[in-house]
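Report on the structure given below.
The values are calculated or read from the model by the stated rules, or taken from the named source; none is laboratory data. These figures come from a predicted structure and were not determined experimentally. Because the Cβ atoms are built from the backbone with ideal geometry, glycine has one as well, and the counts that use them run over all protein chains shown.
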Amino acid sequence: MTTFPDLNPPPRLLMGPGPVGVDPRVLRAMSMPMLGQFDPVFTAYMNETMAMLRSIYRTNNQWSFLIDGTARAGVETMLVSMIAPGDKVLVPIFGRFGHLLTEIASRCGAEVVSIEREWGTVFTPDEIEDAIRKHNPRIVAVVHGDTSTTMAQPLAEIGALCRSRDILLYSDATATLGGMAIEADAWQVDALSSGLQKCLSGPPGSSPITFNERVAAVVTRRKHLEAGIKPEGFVDGNGLRIASNYFDLAMLMDYWGPSRLNHHTEATSMLYAARESVRIALEEGDARFDRHVRASEALCAGLQAMGLTLFGDQANKMPNVTGVVIPKGVNADGVRTMMLEDFSIEIGTSFGPLHGKIWRIGTMGYVCRKENVLICLAALDACLRRFGYTAPAGAGVDAALTAYGSA
Ligand SMILES: Cc1ncc(COP(=O)(O)O)c(C=O)c1O
């Protein structure tokens with residue numbers, strides 16, 4: 001019989017655009033014993049998780065819970081439940097994940113209209129307003145932080161624009177939740193979804209979502225319960241049934257809400273992970289956002305001191321991921337491979353129009369620390385040298401140390 005060795009993953013420093021290193025507290029939480037999904041201890045954990053998600057999204061939304069699956073599962077849940085076939089959906093695209101939103105929205109039967117911005121930039125409120133006037137959508141779906149370009153789209157003005165016209169606004173906050181302040185209520189964003197594996201320092205596999213009563217009303221009209229669990233006397237909604245069972249927000253609301261109507265089996269260990277990830281982020285509070293900004297500033301100072309060029313409009317760059325232009329003539333994959341094999345550090349490649357043009361360096365969550373920024377710069381300096389690009393000796397680490405205020 002073939003036997004296979006024990007798992008023995010090397011201890012990598014994950015400084016790509018996610019996943020990143022998991023906080024040891026989260027790993028410990030994941031090793032806690034199983035509970036039945038309707039055990040009162042477990043349902044109390046579910047309620048606590050909901051309460052913590054309201055805090056991290058800065059919302060009073062009752063409906064703040066987890067979708068079992070990676071961040072994309074949260075995106076699909078929101079879109080398949082909010083969009084009825086034929087609905088007009090406006091997607092402003094400024095990177096790979098805007099294209100993903102258009103793709104998922106069109107699979108949901110939406111009439112998708114999109115506007116595009118060059119990668120490395122974001123939209124002005126006027127550009128969004130013009131598109132809204134022109135297309136009169138029912139829903140606007142926009143990425144908050146597009147990991148592919150490192151840019152964050154400001155949402156507050158878009159929220160106000162949508163609310164004043166009774167348009168629903170959904171945003172994908174996978175790259176930003178836990179790394180940048182998100183103000184779901186103040187910005188008037190009706191629905192948001194995220195993932196654990198970036199600034200929340202958890203493993204991929206759970207997607208925290210939140211949505212308000214405006215979205216709940218749309219979804220509830222589409223509520224059609226599974227025959228085998230339908231309580232006596234329940235009357236289905238008169239809206240079109242949501243096309244997915246697993247991602248049916250109406251049934252998920254009953255599972256997470258007081259009726260605790262059976263749906264899937266909640267992914268117990270992932271709930272432990274999400275609960276602990278968010279608990280850690282809330283304990284740290286706003287200092288967490290400052291930590292990300294400081295790391296970004298130090299990393300950028302270091303890269304520039306090495307003579308490298310930062311990618312994109314720096315005024316709208318996310319603090320948790322930095323794009324750096326690959327110097328001419330340097331073997332991009334060679335450098336990344338050497339970083340991995342010789343230093344055990346992972347940095348990110350890029351997609352689409354940026355492929356082969358930039359690397360993406362993440363400073364997210366648990367990994368976002370001074371020593372990691374310094375080690376990454378030192379390693380990059382050494383690898384670049386081997387591949388023919390010589391930065392002024394020690395300049396990167398020196399500039400980062402200065403940015404951190406070290407003597
Ligand atoms: C902005 C954004 N949205 C969605 C996703 C999809 O997430 P997942 O791979 O967890 O499904 C990602 C992943 O990198 C992302 O960065």
Practice item. Test GLY323 against the criterion of being of a type outside the set (Ser, Thr, Tyr), surrounded by 22 or more Cβ atoms within 10 Å (Cβ to Cβ) and in contact with a Gly (Cβ under 9 Å, 6 or more places away or on another chain), and give yes or no. Key: yes
Check your understanding: Quick one: how many residues across segment 100-140 are of a type in the set (A, V, I, L, M, F, W, C), part of a helix (DSSP H, G or I) and within 24 Å of ALA71 (Cα to Cα)?
Key -> 4
Practice item. Taking TRP187 as meeting all but one of (1) in contact with a Gly (Cβ under 7 Å, 6 or more places away or on another chain); (2) within 16 Å of the ligand (Cβ to nearest atom); (3) of a type in the set (Phe, Trp, Tyr), write down the number of the exception. Key: (2)
Check your understanding: Given (1) farther than 24 Å from GLY145 by Cα; (2) modelled with pLDDT of 95 or more; (3) among the polar types (S, T, N, Q), where does SER406 come up short, assuming only one miss?
Key -> (2)
Exercise for review: Pull up segment 161-185, narrow it to residues that are within 23 Å of ALA295 (Cα to Cα) and crowded, with 23+ Cβ neighbours inside 10 Å, then point me to the one that is nearest to the chain's Cα centre (by Cα).
Suggested key: THR174
Review point. Among the residues of segment 255-270, is any within 26 Å of VAL80 (Cα to Cα), assigned by TED's automatic domain parsing to the domain that holds GLU213 and in contact with a His (Cβ under 7 Å, 6 or more places away or on another chain)?
Key: yes
Exercise for review: Confirm whether PHE42 is under 20 Å from SER259 (Cα atoms), assigned to a helix (DSSP H, G or I) and among the hydrophobic types (A, V, I, L, M, F, W, C).
Suggested key: yes
Review point. Any idea how many residues of segment 56-99 are under 30 Å from ARG279 (Cα atoms), of a type in the set (Gly, Ala, Ser) and part of a loop (DSSP other than H, G, I, E, B)?
Key: 1
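Given the criteria closer than 29 Å to SER55 by Cβ, away from the ligand (no atom under 16 Å from the Cβ) and basic (Lys, Arg), does ARG138 qualify?
So ARG138 does not fit the description; no.
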Review point. Taking segment 344-389 as the region of interest, how many residues are of a type in the set (Gly, Ala, Ser) and part of a helix (DSSP H, G or I)?
Key: 5
Review point. Of the residues LEU303, LEU308, LEU271, which is in contact with a strand residue (DSSP E or B) (Cβ under 7 Å, 6 or more places away or on another chain), touching a residue at least 60 places away in the same chain (Cβ under 8 Å) and not in a helix (DSSP H, G or I)?
Key: LEU308
Point to revise | Test: LYS223 is without any contact (Cβ under 8 Å) to a residue 40 or more places away in the chain, touching a helix residue (DSSP H, G or I) at 6+ places or on another chain (Cβ under 7 Å) and assigned to a loop (DSSP other than H, G, I, E, B) | key: yes
**Study point:** Number of positions in segment 190-220 that are in a loop (DSSP other than H, G, I, E, B), more than 11 Å from the ligand (Cβ to nearest atom) and polar (S, T, N, Q)
**Key:** 2
Exercise for review: Tell me which residues, restricted to segment 63-92, are farther than 21 Å from ARG241 by Cβ and out of contact with any helix residue (DSSP H, G or I) (no Cβ under 8 Å at 6 or more places or on another chain).
Suggested key: THR70, ALA71
Review point. Do you know which residues across segment 323-334 are out of contact with any Ser or Thr (no Cβ under 6 Å at 6 or more places or on another chain) and part of a strand (DSSP E or B)?
Key: VAL324
Exercise for review: Could you tell me whether any residue of segment 52-63 is in contact with a strand residue (DSSP E or B) (Cβ under 8 Å, 6 or more places away or on another chain) and surrounded by fewer than 22 Cβ atoms within 10 Å (Cβ to Cβ)?
Suggested key: yes
Check your understanding: Applying the selection to segment 142-158, what residues are more than 10 Å from the ligand (Cβ to nearest atom), hydrophobic (A, V, I, L, M, F, W, C) and under 11 Å from SER171 (Cα atoms)?
Key -> VAL142, LEU155, ILE158
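Taking segment 3-42 only, how many residues are among the aromatic types (Phe, Trp, Tyr) and within 16 Å of the ligand (Cβ to nearest atom)?
The qualifying residues number 0.
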Check your understanding: If you scan segment 284-300, which residues turn out to be assigned to a helix (DSSP H, G or I) and over 19 Å from ALA399 (Cβ atoms)?
Key -> GLU284, ALA287, ARG288, PHE289, ASP290
Review point. Taking THR102, is it within 16 Å of the ligand (Cβ to nearest atom) and in contact (Cβ under 8 Å) with a residue 60 or more places away in the chain?
Key: no
